[in-house]
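See below for the structure under consideration.
The values are calculated or read from the model by the stated rules, or taken from the named source; none is laboratory data. Owing to the predicted nature of the structure, the values given are computational and were not obtained by experimental measurement. Neighbour counts are summed over all protein chains in view; Cβ atoms, including those assigned to glycine, are modelled from backbone coordinates with ideal geometry. The protein model used for the area step is the full one, side chains on, heavy atoms only, and it has no ligands, DNA or RNA in it. Shrake-Rupley method; radii C 1.70, N 1.55, O 1.52, S 1.80 Å.
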Amino acid sequence: MYLFELGRIKKLSLAELNNLFGEENLVEIIDHFAIYNLETLHKEPQDLQDKLGGTIKIAEIVDHFTSKTKDPKKKIESSLKTILTDHFKDRSGKIPFALTAVNVPDNPKVFLKQFLSFSKKTIKSLGFNSRFVNKPWQNATTAQISKSGSVQKGIDLTILGGKATLYIAKTLSIQNINSYSYRDYKKPFRDPKMGMLPPKLAQIMINLAEPALSGTGAAKEAHTIFDPFCGSGTILMEALLQRKDAIGSDIDEKAVEGTLANLCFVVKNFDNTTEEFAIFHKDAKQIQEKDLTGIPDAIVTETHLGPPVSKLPKEENLQKTFDALTELHEAWLTNLSPLLKPGTKLVICLPTFRKFRKEYIRFPHFDQIAKKANLEILNPEPLIYERPDQVVAREIVVLQVKG
Ligand SMILES: C[S@@+](CC[C@H](N)C(=O)[O-])C[C@H]1O[C@@H](n2cnc3c(N)ncnc32)[C@H](O)[C@@H]1O
């Protein structure tokens, strides 16, 4: 079993994991962690981690037992002793370590104090000096774990109390925060007025377009991604980083040039990307087969979301935005859909307007547009990516070309 720490928008993180691993393999969700019953991760943990936009860390469940056990804390102690002894068999130097406790059978502070001290003593008995990176007596943050190198040089353990089971998990990989900021802020072409997609959301969208990793596995992954509204190329940058070929187009020549510069930046500054990309200048409503260098395996795109607004627009203005976007979506989807193979997935963003805290005015009648374009909507519930300070949120829709 594997444990995935979910990102800020739990529903999106879960949708990404369910699509890759199958919802039937989801064992349980404990707070912001999800446990999946998987025989294998199908990839090296860090490779999988670098692909997942919605997962903060991946851990392997190394022990679990029923929470009805007579003395759970004694059981945790003996389990930790075995895990630590095994883990530090052939280590040297000063060891950083971290513990996270979620839904544990005690006051979390008391629990952490007990088990941080216990782990330190155990590591000492194995002949090593160690330091825990947790602030006394709080769960370690991702930044503390990353900065200390606990996953590589020491150990990061998570203890979780589930419905009927206590789990102990050892972290295998953690999100590389520096890499996200580097590619987001250092890329040569940035245009905040255009409304750039956060790289993690671009990754989630690409993963929602993947066929499941289970079954025959990685060989079936989408190989070529097409973004017909590429803007600054965020989605295509992430596609190259996932070793996929990228095709992009935009109605704006500045965006075409900017995307080209950003893709060259990725190829130059990151290892193991593909170098296969083709970007062209075109209205998405008029894409033809001859424009594409091959039939793409998936369409992942963020179209125009309407004019930028800082407060909820008046009803008539909102209607104007929806009308204009209805026309755009109907035109580009009905034009492109016949060029794609049946079963091809399309993952797109629609604007949704925040009315109150969690109440949204959603894009109207998108199901009718999908129907006209011979597309089926795959996600049963809305998947909304929002930021607390923004009125316009993005609704992610997963579509599939009907047979
Ligand atoms: C919200 S931006 C995309 C931003 C992009 N996801 C990124 O992260 O940089 C929408 C893009 O759609 C382009 N666009 C608008 N209407 C279009 C059309 N009819 N055909 C092609 N591109 C269009 C705009 O020029 C703009 O670059």
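Taking θ as phi - 60° and the Karplus parameters 6.51, -1.76 and 1.60, the scalar couplings of the range 282-297 work out to 6, 6, 4, 6, 10, 5, 10, 4, 5, 6, 8, 7, x, 7, x, 7 Hz in sequence order, x denoting glycine and proline.
Roughly speaking, to the nearest percent, how much of the range 181-401's 1.4 Å accessible area is carbon and sulfur? Ligands and nucleic acids excluded, carbon and sulfur give 51 percent. For the range 99-208, what does the relative contact order come out to in percent, with C-alpha contacts under 8 Å and a separation of six or more? That works out to 24 percent. Convex hull volume of the Cα atoms of the range 181-401, normalised per residue: 126 Å³. Each part reduced to its alpha carbon centroid, the range 272-337 and the range 84-155 end up 48 Å apart.
Once the gyration tensor of the Cα atoms in the chain is diagonalised, the equivalent ellipsoid follows with semi-axes of 43, 22, 20 Å, ordered largest first.
When the Gaussian network model of the chain links Cα atoms closer than 10 Å, the mean-square fluctuations of S130, S310, S146 top out at S310. The relative contact order of the chain comes to 13 percent, based on Cα pairs under 8 Å that sit 6 or more residues apart.
For the range 79-177, the carbon plus sulfur part of the accessible surface works out to 52%, probe radius 1.4 Å. Of all the options E316, E44, E238, the one that moves most in a Gaussian network model of the chain with Cα springs shorter than 10 angstrom is E316.
For the range 15-147, the per residue solvent-accessible surface stands at 51 Å², with DNA, RNA and ligands left out and a 1.4 Å probe.
Max-minus-min Cα coordinates of the range 296-399 on each principal axis give 41, 23, 20 Å, with the largest extent listed first. Computed with a 1.4 Å probe over protein heavy atoms only, the accessible surface of the range 181-401 comes to 48 Å² per residue. Of P105, P96, P388, the residue with the greatest mean-square motion in the GNM of the chain, using alpha carbon springs below 10 Å, is P388. Against the main long axis of the alpha-carbon atoms of the chain, helix 199-208 sits at an angle near 80°.
Between I377 and K402, the modelled label-to-label distance comes to 1.5 nm, taking each label 7 Å out from Cα in the direction of the beta carbon.
Solvent-accessible surface of protein heavy atoms, probed at 1.4 angstrom with all chains present, puts H64, H87, H329 in the order H64, H87, H329, largest first. Label positions at D191 and H223, each projected 7 Å from the Cα along the C-beta direction, are separated by 3.2 nm.
Here the Karplus curve 6.51 cos²θ - 1.76 cosθ + 1.60, taken at θ = phi - 60°, turns the phi angles of the range 388-402 into couplings of x, 8, 10, 7, 8, 9, 10, 9, 8, 10, 9, 10, 9, 5, 6 Hz, with x standing for Gly and Pro. The share of C-alpha pairs in the range 2-175 whose separation exceeds 23 Å stands at 37 percent. Between the beta carbons of N176 and N139, assuming R0 = 22 Å, the FRET efficiency works out to 0.60 to the nearest 0.05. Remark on F33: its backbone amide H falls under 5 Å from those of L6, a criterion applied only to residues 5 or more positions apart or on other chains, H modelled at 1.01 Å from N. Taking label points 7 Å from Cα along the Cα-to-Cβ direction, R8 and R362 give a separation of 2.2 nm. With respect to the chain, whose longest principal axis is taken over its alpha-carbon atoms, helix 72-87 is tilted by about 80°. Between amide H atoms placed 1.01 Å from N, distances below 5 Å from G248 occur with D227, A278, I279, F280, all of them 5 or more places distant or on a separate chain.
Computed over the range 233-315, the percent of Cα pairs more than 16 Å apart is 56. Normalising the average separation of contacting C-alpha pairs (under 8 angstrom, six or more residues apart) by the number of residues puts the relative contact order of the range 39-141 at 26 percent.
In the range 44-110, the convex hull through the Cα atoms has an average projected area of 6.8 nm², a quarter of its surface area.
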